[in-house]
Every structure is written in C-alpha cells, then in structure tokens.
Amino acid sequence: MLAGSILQGLDPDQSIAVTAPAGPLCILAGAGTGKTRAITHRIAHRVRSGQVRAQHVLAVTFTARAAAEMRERLGRLGADGVQARTFHAAALRQVRYFAPRLFDGRDMPGLLDSKARLVTQAATRAGLKTDREVARDLASEIEWAKASLVEPGDYATAAAKALREPPFDAAKVAQVYAHYERIKRAQGVIDFEDMIRAAIWAVEEHPDVAEQVRAQYRHFVVDEYQDVNPMQQRLLDAWLGGREDLTVVGDASQTIYSFTGASASYLVDFKRRHPGATVVRLIRDYRSTPQVVGLANAVISRARGDLSRLRLELVGQRPAGPEPTVRTFADEPEEAAAVAARCAELIAAGTPAREIAVLFRVNAQSEAYQEALAEAGVPYVLHGTERFFDRVEVREAMIALRAYRGDHADSLVPTVHLALERVGWRPDAPPAGGAQRERWEAVAALVNLAEGMPEAALDAFNAELARRAALQHVPTVEGVTLSSLHSAKGLEWDAVFLVGLAEGTLPVIHARTPDAVEEERRLLYVGVTRARHTLWLSHASARQPGGRPRRPSRFVPSAVPDASGARPGADGRYPRRPLDKAAVAGRARRVMAVSCRVCGTGLVNGADRKLGRCSTCPSDLDEELLARLVDWRARLAGVQKVPAFVIFTDVTLAAIAERRPARREELAVIAGIGPRKLTLYGDDVLALVSGTTVDALAEGR
C-alpha cells in the first residue's frame, strides 16, 4: 500500500491528524469519531513514507482487545513490525528481557494473578475480618495507592486528600497495605503495579537499560490518554527521556475511571507540558444517528469543572433515526419486564441479540434483568465478569477440540460439531434462556468462528483459538449484553437500554463532591454514545411495588420527552399527568395482592413478597415438602448443568413449601414464578406438593 493511498477516505480533521509533523500531537477525539482509524493511519503514513521505522514505534493502550485491533489494522495498512501493547504488556516484556541485569542474574520474580489471597492474609495480620467482597475492596485501595505512587506510610493522608471512602479506617487500610507489601516480598512475588514500577526503575536507575530502550523506541502513541494514571505517566516519561515524538489521543468527556487513579489532568495539561504541541479535534461522529448524537451533546453540555474545557460538540454523520425514548415505570421489576419485552420485539423484528445491550450503573442491578430476559426467553451474555476464554464451558470445549481424533476428512464445521457433542453441546438444542442459554451461546461462538473458516483443518482451527485466547480476542457471542456502564466503554451496539436512571443510582448515592457528580454525568454520556441507532432511557419510580418514590436522574436532559411527549422541568421532574383511575385501581389491586396472608400488612421486601407473609409472622412451612423441593431442584440443576438458583431461588422454594399450591393458578401468584417457569416446572412442583417423591417423579419421565 502506497503512503498516499493511506490518506484516502479520511475526513479533513483525520487527515490533519495523520499528516501532522513529528513532535507532540494531541488528538481530542469524541466518541465514534474514528480515533483508532486516525492513529493507525498516522503510524502507517509515517512508516510507509519513510519518516520512521516500524520497529521504532511503540503504541500503548489499556486493553488487550484494543491492542490486538490496533495490530490488525496496522498489518492491513502495511505497517507490520510496530509494537502495539497495553502498558502492562509492554512493561512485562521489558522487565523480563532485562531481568538478569535488574535482579542480580535471576529471572523476574513470579507475577501474582490476583491479590485476594495475600490481601486476606494482610488483613488478618492487621486484625481485620474479611470476606471475598471486603478483600476485593481492600485490593482496590491498594491498587489505587500504587497507581497513584502512594506508599503505605502516606496512604491515610493521600486518601483523605483524594476524598476516598475506604472499607475501613484509613489508618487500618494503611496497615493492610504495609503487611501486603511485606508478605509479597517474603514470598518473592510481585504484582502488576510492581511490574510497571520495575520498568520505571529499570530505565530511571540503569543508564545502560535506558540507552537500549530509548534506542529501540523513538516514537510513541498513547490511546485513551484520559485514562493514564501517575504510574503509567511516569513510565511514559521514562521511555521518552525528554524526547517529544509523542502522539496522544483522548476524550476528557469519557473520563470515568478516577476511582482507579486515572487522571485526565495529563490530557488537559498537554499543551502546557509540551508548548509546541499540535492539537487536532475530531468531532464527526460516524457511529450514532444524529438523534443519539444530539442527546449525547445535551447530556455533556451541562458539564462543569476543568475537564469541561475540552468538551467536544459532536456532529452526527449517519442518516436520521428514531428519537431516544425516555420511560418511567412504577417499580424496578416492571422496568425490567418492559426492557425484556422490548428486547424480544427487536430480535423478532430482525435485530441480532448480540447487537442489543442493557447498561446499568452497578452490577447489583443485573439480577433483575437476567431474570426478566430469561422469563421472556431472550438469551443474554454477562459482560465484564469472567473473561470469555476463562469460562468453564469454553475451556472444556477447547480441550475437546484439541483431543478429538475422529474422521478429519469431513469439512471443519461437521468435525467441530462432532467434537463438541462430547461435552454435551448440540447445534439444534439451544436452551430457552438464562444461564444455561448463556453457556450454550458461548460455545456456539466457537462454532461460528469455524463457519468463517470452513476449509481449514482442525489443527489450524485450534491454533486460531489458541491465538485468540492469548490475545483475549473474543468471538461474537449471540445474546443481549448485560453490562455495567464502566465495562461498556469502548463497545457499541445497534440498540442500547440505559436503565435505572434515578437519583441515588445515577448519580450513585456516594457521589457527594462536585467532581464525583461530574464523573457520574460523564458515565451517562459514555452510555448514550454506545448506541448506534436505538436508545432507551428509563427509571423506576420505586425499587419495589409500594416503595419509597424516587426522582429521575438529574442528568437526563429536559430536551428529551418521555413516552407520552411530556418534558421534565428545570428541576428534572416530569410533570404529573392526570390520574388514570383504571390504572390506579389496577396498580392498587396488584399491590394488595402481595400482602401478608397472616396479618394483612402490605409487603414491600422482595423476600417477604415471595413468602406471602411478614418475616415476623409465624411460618407454617412444610419441612418435608421443602426437602423434596430442594432435592428435586438439585437433581434438575445437575441434569441441566446450571446453578440451582437459576431454576428457583431458596426463597421461592420456601414460599412453595409454605403456601402449598394445589393448582397452577395458585402457583402462578407466587412472586418469581412467571409463565415460562410455570410451563417448565409447574407440573413437577404441583406433583411434589401433592406428595409425589422425587424418585417417582424421575421414573415417570
């Protein structure tokens, strides 16, 4: 590919960024404006025109997925040999290479995969009792401190200055941090932050290492520069060694990781740190419809603070689409059910499930949507939890594919089907929904890859899977994506549902300072800009039926009407509509239907609603029936290879054992038993209630 052809197809601003002279360059790139295109074309243009040699370029970003995409694009542009890595991967490579010089002739110390075990030990030494969640919170505090170049002795002061809210008194957390460092040294291991510190130390304190590193890497590109933390910036400064051939790209309006130590100040102050820098703004949005772009601009237009100085007003380039929808629901279960129903409608109308996402502020909101989508028979995928290639079913599938010794004369896809039958996967037997369907779809994603390379041999396909696993290059999984807003950054879908947009959730209740509130605003902006075409924003007036009222999020602009066409006032509230007496009566009947069957009190708590009584009222639990139900659920979960709670939760089983329904109608009124579960399990449950044993039920199948 000739250097001139690399410039074809770029818009005017992208062309300026690509052809800018050597030296400091800051590209302010709004969401969907083609930042990856701009920086990869800039690198390729400089390489192909002879300005730089590919092996002298180091491009760094924050995820293995982004680095892999960058390498693929550079390869297609004829710029093979450019190193594109995450900060961690680049540091690890250098520390391993120079280990004999850095560690007195020894190899690099072992690298911790997780801090959890050592943090738990450190907490015990500090006199604290921890569980998994507390250990994770303590590990996060230690990671923040190390990323911010804060030592244990300085933690309490630094945490107070940063307005941190640690899980324990700051002095206690400092003790845990100190013990953690001692335990780590005693065991001869390092963590990821130590690895970056070692890379910094190698360059700053070893002139021979610095000379070799700086001779190798002379031109630097940093993606997502607003997410750089003090430790990463110090490593970048060490690599540069006073040189200024540096390109950074970022968007201050997408700064949402301050809690990890990330600081957009380096992006904001770039011109001050590099007085001769060129600054280019990319504002043409090629991802979203003008309607979505307009809402994004409206959300971020009210931003305040230092970061708002770099705010970009995007200009949509796609054809017009539907207006974003704002909806208000009585409670969260109703909101989740409506979202699931709309997802089903979109899929029925031709939108692939993988092109739909439900995004929420906190992971705890996920459960209601898992249940609602499963009830609607809609497949879903949990994003931001377990890595795809670490999933048990994916590992088992890859082992089965490597071990398969059947007739390889068949083409790849039938061979893959035969191999996967050995782990119980069949192409014609997708479960209806829920966790079981999620696992089926994960394996199906491997099959889809095989369908894309039908002429390949099985060994070549296994090699491709191994390559993807090493790069965390995840195949497309068919299912609606459920993700937190933080985990959704960098991704995009045709249809996006932004749910739970109520005060106390977004902004989250612990966002008490102006800076924290502004970060919550940016989080909504990130969510809005994930949508290409269809955008839904919703909130529930109460968490549970009859619960305390909540206001809609202050961040939803007044320019957006709700489903009825009404617009919120200056205070963010939507106007009261005339009472629909029939609707009010219907809602009253629904709330009255979930009242204590012992004392008649209206029930709000979810567990109480399922049991049909107050937790303080006497129970008439049939313990023998409950034992049968638990045994039945365990056996069925084993057959279906799903967690037991996916079938029925403990509370639902207890409710059945207390209420002992004799007919499907009586079973259906128990909260948590919707039409789908009634169809799947209703006959079994009623048989068990009537006295049938689990063994007899199994024999009757």
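The values are calculated or read from the model by the stated rules, or taken from the named source; none is laboratory data. For clarity, every value in this text was computed on a predicted model and none was experimentally measured. Backbone-built Cβ (ideal geometry, glycine too); neighbour counts: all protein chains shown. Surface areas here come from the heavy atoms of the whole protein model, side chains and all, with no ligands, DNA or RNA. Shrake-Rupley method; radii C 1.70, N 1.55, O 1.52, S 1.80 Å.
A 1.4 Å probe run over the protein chains yields, for the chain, 46 Å² of accessible area per residue, whole-number rounding. Once backbone amide H atoms are built at 1.01 Å from N, residue 329 has 539, 540, 541 as its partners under 5 Å, excluding neighbours fewer than 5 places away on the same chain.
In this structure, the amide hydrogen of residue 59, modeled 1.01 Å from its nitrogen in the peptide plane, lies closer than 5 angstrom to those of 83, 84, 85, 221, counting only residues at least 5 positions away or on a different chain.
Counting only protein chain heavy atoms and rolling a 1.4 Å probe, the accessible areas of 219, 383 rank, largest first, as 383, 219. Is there a pair in 489/677; 172/489; 115/489; 146/489 whose C-alpha atoms are over 27 Å apart, and which pairs would that be? 489/677; 172/489, as the Cα separations exceed 27 Å there. Among the protein heavy atoms, those of residue 295 account for about 10 Å² of accessible surface (1.4 Å probe, every chain in place). What the phi angles of the range 77-92 give under the Karplus curve with 6.51, -1.76 and 1.60, with θ = phi - 60°, is a coupling list of 8, x, 10, 4, x, 6, 8, 10, 9, 6, 4, 5, 5, 5, 5, 4 Hz, glycine and proline written as x. Ordered from largest to smallest accessible area (heavy atoms of protein chains, 1.4 Å probe), the residues 288, 487, 114 come out as 114, 487, 288. Only one residue of 270, 423, 383 has its Cα farthest out toward the positive end of the dipole of the chain, where Lys and Arg carry +1 and Asp and Glu -1 on Cβ, and that residue is 270. Compared with the rule-of-thumb size 2.2 N^0.38 Å for a compact globular protein, the range 65-106 has a Cα radius of gyration ratio of 1.52. Multiplying each eigenvalue of the alpha-carbon gyration tensor of the range 651-701 by 5 and taking the square root yields semi-axes of 18, 12, 9 Å, largest first, rounded to whole angstroms. Taking every alpha-carbon pair under 8 Å whose residues sit at least 6 apart, the range 307-390 reaches a relative contact order of 30 percent.
Each residue of the range 675-691 was assigned a 3J(HN,Hα) from its phi angle through the Karplus curve 6.51 cos²θ - 1.76 cosθ + 1.60 (θ = phi - 60°); the sequence is x, 5, 5, 5, 5, 6, 10, x, 4, 4, 5, 5, 5, 5, 4, 6, x Hz, with glycine and proline shown as x. Charged side chains reduced to their Cβ positions (Lys and Arg at +1, Asp and Glu at -1) give the range 318-430 a dipole of some 540 debye around its Cα centre. Given +1 at the Cβ of Lys and Arg, -1 at the Cβ of Asp and Glu and no other charges, the dipole of the chain around its Cα centre is 1400 debye to the nearest 20. Short-range pairs are left out: with C-alpha atoms under 8 Å and at least six residues apart, the relative contact order of the chain is 13 percent. The charge dipole of the range 55-214, taken about its Cα centre with unit charges on the Cβ of Lys, Arg, Asp and Glu (plus for the first two, minus for the last two), comes to roughly 300 debye. Here is the size of the chain from its Cα atoms: Rg then Dmax, 28.0, 84 Å. Computed over the Cα atoms of the range 27-173, the ratio of the radius of gyration to the Kirkwood radius (Rg/Rh) comes to 1.10.
Per-residue ellipticity at 222 nm computed for the chain from its helices equals -14500 deg cm²/dmol, with DSSP H segments shorter than 4 residues left out and the rest contributing -39,500 (n - 2.57). Shown here are the Rg and Dmax of the Cα trace of the range 1-102, at 14.5, 49 Å.
Heavy-atom accessible surface of residue 134, to the nearest 10 Å², is about 30 Å², with a 1.4 Å probe and all protein chains retained. Pick out, from 123, 484, 155, the residue whose Cα sits farthest towards the positive end of the charge dipole of the chain, with +1 on the Cβ of Lys and Arg and -1 on the Cβ of Asp and Glu. With unit charges placed on the Cβ atoms, the residue in question is 155. Residue 87 contributes an accessible area of around 0 Å² to the protein surface, as traced by a 1.4 Å probe with all chains present.
Figure note: 206, 88 ranked by solvent-accessible area, largest first, 1.4 Å probe, ligands and nucleic acids not counted: 88, 206. Could you tell me which of 207, 661, 347 has its Cα farthest along the dipole of the chain towards the positive end, charges placed at Cβ (Lys, Arg +1; Asp, Glu -1), taken about the Cα centre? Value computed over the given set: 207.
Listed by chain and number, the aspartates and glutamates placed with their C-alpha closer than 19 angstrom to that of residue 35 are 11, 13, 69, 72, 223, 224, 227, 245, 251, 285, 313, 492; residues fewer than eight positions away on the same chain are left out. Principal-axis analysis of the Cα atoms of the chain puts helix 290-300 at an angle of about 80° to the longest axis. For the chain, the longest principal axis of the alpha carbon atoms and the long axis of helix 207-216 meet at an angle near 80°.
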